[in-house]
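Structure below; questions to follow.
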Amino acid sequence: DTEVTQTPKHLVMGMTNKKSLKCEQHMGHRAMYWYKQKAKKPPELMFVYSYEKLSINESVPSRFSPECPNSSLLNLHLHALQPEDSALYLCASSRATGSTGNEQFFGPGTRLTVL
Amino acid sequence: AQSVTQLGSHVSVSEGALVLLRCNYSSSVPPYLFWYVQYPNQGLQLLLKYTSAATLVKGINGFEAEFKKSETSFHLTKPSAHMRDAAEYFCAVRLNNAGNMLTFGGGTRLMVKP
């Protein structure tokens, strides 16, 4: 299985809602990532988990809260988002963070719209 | 700091023509370089990667890229474009001492005319 899956595919939420994005991989990868991608822009790194521990937080607002319950799962909890947070949220995984040429495998993304 | 520049935010070619997408990087140490493709409403798919082995790297879907240290370039080519190649292409760089963080170029949208 060489796939990263993400659910839901689409999510519409109000600014007072709480929702979660889910990402799953069964490749035995020990590093997982959240990216945010606005239209016509490259992905921007948000968080990196290495061996289920948060290793990088790219100064992301606290209304985004990541969680890595186990080595296969990565969640992104959303609360009190703003309309400018509407974007495609991509999850990725890789074998680890320190190996040579460690390519990241991306999921299909969750299209988030904040009303 | 490392960075990646993709020259040309839009490239248009005719079906069957050569595809050339440009990527230049800045790095004081040997980088790892990647090309990803993104089809509409999808995630990123790895086309190929350079990890300091062969300078000419062959990828999927008939794409290849050549690492030229003297030019700090890693341009992506394909001899003959297909309609299905129409997509957004991202070049990315990762320093070998920076964990596994990628820095992406701005992207190039490839359009293929029939």
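The values are calculated or read from the model by the stated rules, or taken from the named source; none is laboratory data. Just so it is clear, the model here is predicted, and its values are computed rather than measured. No Cβ is skipped: glycine too gets one built from the backbone with ideal geometry, and neighbour counts run over all protein chains shown.
Return the residue satisfying two criteria in turn: it lies in segment A:87-107 and is surrounded by fewer than 19 Cβ atoms within 10 Å (Cβ to Cβ) and of a type outside the set (Lys, Arg), and of such residues it is nearest to the other protein chains (Cβ to nearest Cβ). Before you say what the answer is, go through the steps one by one.
Initially, segment A:87-107 is screened for residues surrounded by fewer than 19 Cβ atoms within 10 Å (Cβ to Cβ), giving A:95-96, A:98-101.
Subsequent filtering for residues that are of a type outside the set (Lys, Arg) retains A:96, A:98-101.
Details: A:96: 7, A:98: 7, A:99: 8, A:100: 6, A:101: 3 Å.
Result: A:101.
Residue A:43 is checked against (1) more than 12 Å from residue A:107 (Cβ to Cβ); (2) within 11 Å of chain B (Cβ to nearest Cβ); (3) in contact (Cβ under 8 Å) with a residue 24 or more places away in the chain and fails just one. What number does that condition carry?
Unmet for residue A:43, out of (1) more than 12 Å from residue A:107 (Cβ to Cβ); (2) within 11 Å of chain B (Cβ to nearest Cβ); (3) in contact (Cβ under 8 Å) with a residue 24 or more places away in the chain: (1).
Condition first: modelled with pLDDT of 95 or more and within 26 Å of residue B:105 (Cβ to Cβ). Now tell me which residues in segment A:1-31 satisfy that.
Result: A:4, A:6, A:21, A:23, A:25.
Condition check ((1) touching a residue at least 60 places away in the same chain (Cβ under 8 Å); (2) over 25 Å from residue B:37 (Cβ atoms)) across all residues:
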| residue | (1), (2) |
| --- | --- |
| A:9 | yes, no |
| A:24 | no, no |
| A:30 | yes, yes |
| A:37 | yes, no |
| A:82 | yes, yes |
| A:86 | no, no |
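Looking at B:19, B:37, which one is β-branched (Val, Ile, Thr), touching a residue at least 40 places away in the same chain (Cβ under 8 Å) and within 11 Å of chain A (Cβ to nearest Cβ)? First the steps, then the outcome.
Numbers: B:19 fails: within 11 Å of chain A (Cβ to nearest Cβ).
Of the residues listed, the single one that is β-branched (Val, Ile, Thr), touching a residue at least 40 places away in the same chain (Cβ under 8 Å) and within 11 Å of chain A (Cβ to nearest Cβ) is B:37.
Just one of the numbered conditions (1) away from chain A (no Cβ under 14 Å); (2) touching a residue at least 40 places away in the same chain (Cβ under 8 Å) is not true of residue B:74; which one?
Against the list (1) away from chain A (no Cβ under 14 Å); (2) touching a residue at least 40 places away in the same chain (Cβ under 8 Å), residue B:74 comes up short only on (1).
Go over the candidates A:9, A:38 one by one and state the one that is surrounded by fewer than 20 Cβ atoms within 10 Å (Cβ to Cβ), in contact with a Leu (Cβ under 9 Å, 6 or more places away or on another chain) and among the charged types (D, E, K, R). Quick ask: steps written out before the conclusion?
Details: A:9 fails: in contact with a Leu (Cβ under 9 Å, 6 or more places away or on another chain).
Of the residues listed, the single one that is surrounded by fewer than 20 Cβ atoms within 10 Å (Cβ to Cβ), in contact with a Leu (Cβ under 9 Å, 6 or more places away or on another chain) and among the charged types (D, E, K, R) is A:38.
Inspect all residues belonging to segment B:49-60 and state whether any of them is more than 14 Å from chain A (Cβ to nearest Cβ) and hydrophobic (A, V, I, L, M, F, W, C).
Yes: segment B:49-60 contains one or more residues that are more than 14 Å from chain A (Cβ to nearest Cβ) and hydrophobic (A, V, I, L, M, F, W, C).
Here's something else I'd like to know. Take residue B:109 and decide whether it is within 14 Å of chain A (Cβ to nearest Cβ), charged (D, E, K, R) and in contact (Cβ under 8 Å) with a residue 12 or more places away in the chain. I'd like the intermediate steps shown before the answer.
Values: within 14 Å of chain A (Cβ to nearest Cβ): yes; charged (D, E, K, R): yes; in contact (Cβ under 8 Å) with a residue 12 or more places away in the chain: yes.
Answer is yes for this residue.
So, one more: Look at residue A:60 and say whether it is within 21 Å of residue B:103 (Cβ to Cβ), β-branched (Val, Ile, Thr) and away from chain B (no Cβ under 13 Å).
Taking the combined requirement at face value, the residue satisfies it.
Something else about it: Run residue A:83 past the list (1) within 30 Å of residue B:10 (Cβ to Cβ); (2) crowded, with 20+ Cβ neighbours inside 10 Å and report the number of the one that doesn't hold.
The failed condition is (2).
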